[in-house]
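Just below is one structure, and these are the notes that go with it.
The values are calculated or read from the model by the stated rules, or taken from the named source; none is laboratory data. Everything quoted here is computed from the prediction, not taken from an experiment. Cβ placement follows ideal geometry from the backbone for every residue including glycine, while neighbour counts extend to all protein chains displayed. Ligands, DNA and RNA are excluded from the accessible area calculation, which covers all protein heavy atoms including side chains. Shrake-Rupley method; radii C 1.70, N 1.55, O 1.52, S 1.80 Å.
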Amino acid sequence: MACQRAPVDTAFQFSSDASSRTGLTAVADGVLLGNEAGAVLRLDRDGRPVWRVSLGREVAVAPVEAGSAVIAGTVVGDVVCLALEDGKERWRLGGEPPLLTPPVVDEAHHSVFLVAPDGAVRALATDSGQVRWKRPAPKPPGSAAPGPVPGAPLEGGAPPAPVLVEGVLVVALGTSGLWALEPETGAPRWSLPVTDVVGLDSERDTIFVATRAGRVLALSVKDGSTRWEQRLADGVTGPPARALGALWLGAGPSSLVGLSTSEGREVARVVLPSPLLGRVQVGLEDLLLVPTSGREGQLVALRAPGWTPAFTVRADTSLRTRPVVRGPLVFVLGLDGRVLAWRLRVPPPS
């Protein structure tokens, strides 16, 4: 891939003082993140820390905004609710399962849904931390064997982030398959034996599912029926993300693949400098921003509709999570814990 001179200006660089894999959570005027030292931080759009709170142990997944609150957790099972404005603690739960999967909040900001490493799912009230419901780890579909041992991690690692769409909570639970639950009660709506899921995304009443082996499906939210299925021979490296009219995934060994959301046919394939492990993002209306995971941490910008390289910028740290875009500003989180921001200028036509 040719590297063109980047039409960008550096806006800022900020170090969180520890490595981070959480990714960034967009808020109105900036971003939230956590790091391996146990810090949760809120930065404004100029890279200034609004607040910083220490939770004492590693924060492995991105905090989630819940109205005027932020909910974060640690690898040792602390779940904490902080005020979005100033970071003051509102409630804290200890002795919970490790938080290794990003939490999801409902549209009304009443409930936060957490998936444990063993596949158990629970809903907590965002205002108090009270348990609304808890569903134990299910048995694998078609199996009479008991589910995972409480506290034991799922095969293949932590489950990917669930998706809440059309009044259904869809969760991928390792060898137990894909489950659709009622957000109010946790009751199952449907399940499918789709395992080793890399990630989920949604569009209206459709769920997109990608597995590490290269299976990509579009499913009906209502009943789990298959709308289309595609198989990528080299496997999938990163979760699916809808952008600019297509579904984008990282494919082995170092490619970006775009699929039609309506049919699943391949509409684009671009060779990347290193694998895509996170999700793509849209910038300046027609640019597809692709974070790559090599040591140089290149952010590749592709121009729609031909997906030709518009520019590439280097972060000098592995980029494994989705960028955040706020107008012309693009924020990325490096594996070394730095938050970098660039101001994009409209690139001239090639």
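Of the residues GLY327, GLN298, GLY34, the one whose Cα sits farthest towards the positive end of the charge dipole of the chain is GLN298 (charges of +1 on Lys and Arg Cβ, -1 on Asp and Glu Cβ, taken about the Cα centre). For region 65-106, the residues whose amide N sits under 14 Å from a probe point set 7 Å from the Cα of ARG326 along the beta carbon direction are 85. With Cα atoms defining each centre, region 174-235 and region 282-350 are spaced 28 Å apart in the structure.
May I ask you to compute the full-extension gain from GLU285 to ASP223, defined as 0.36 nm times their residue separation minus their alpha-carbon distance, rounded to one decimal in nm?
Numbers: separation 62, 0.36 × 62 = 22.32 nm, distance 3.39 nm.
Between GLU285 and ASP223, full extension yields an extra 18.9 nm.
Counting only the backbone N, which residues of region 270-291 are under 20 Å from the spot 7 Å out from the Cα of ASP336 toward its beta-carbon? The answer is 273-275, 277-278, 291.
Return the carbon/sulfur percentage of the accessible area of region 237-305, one whole number, probe 1.4 Å, all protein chains in place.
Working: 1170 of 2400 Å².
Answer for region 237-305: carbon and sulfur cover 49 percent of the accessible area.
Report the paramagnetic label zone for GLU107: residues of region 190-221 whose backbone N is under 13 Å from a point 7 Å from Cα along the Cα-to-Cβ axis. Zone members listed by number: 204-205. Counted residue by residue at 0.36 nm each, then reduced by the alpha carbon distance between them, the extension gain from ASP9 to ARG269 reaches 90.8 nm.
Size check on region 157-247: the Cα extents along the three principal axes, sorted descending, read 39, 30, 20 Å. Using Cα pairs closer than 8 Å and at least 6 residues apart in sequence, work out the relative contact order for region 1-113, in percent. Averaging sequence separation for qualifying contacts and normalising by length gives 17 percent for region 1-113. Sorting 173-182, 89-98, 42-51 by their mean Cβ neighbour count within 10 Å, with the most densely packed peptide first, gives 173-182, 42-51, 89-98.
The residues of the chain expose, per residue, 41 Å² of accessible area to a 1.4 Å probe.
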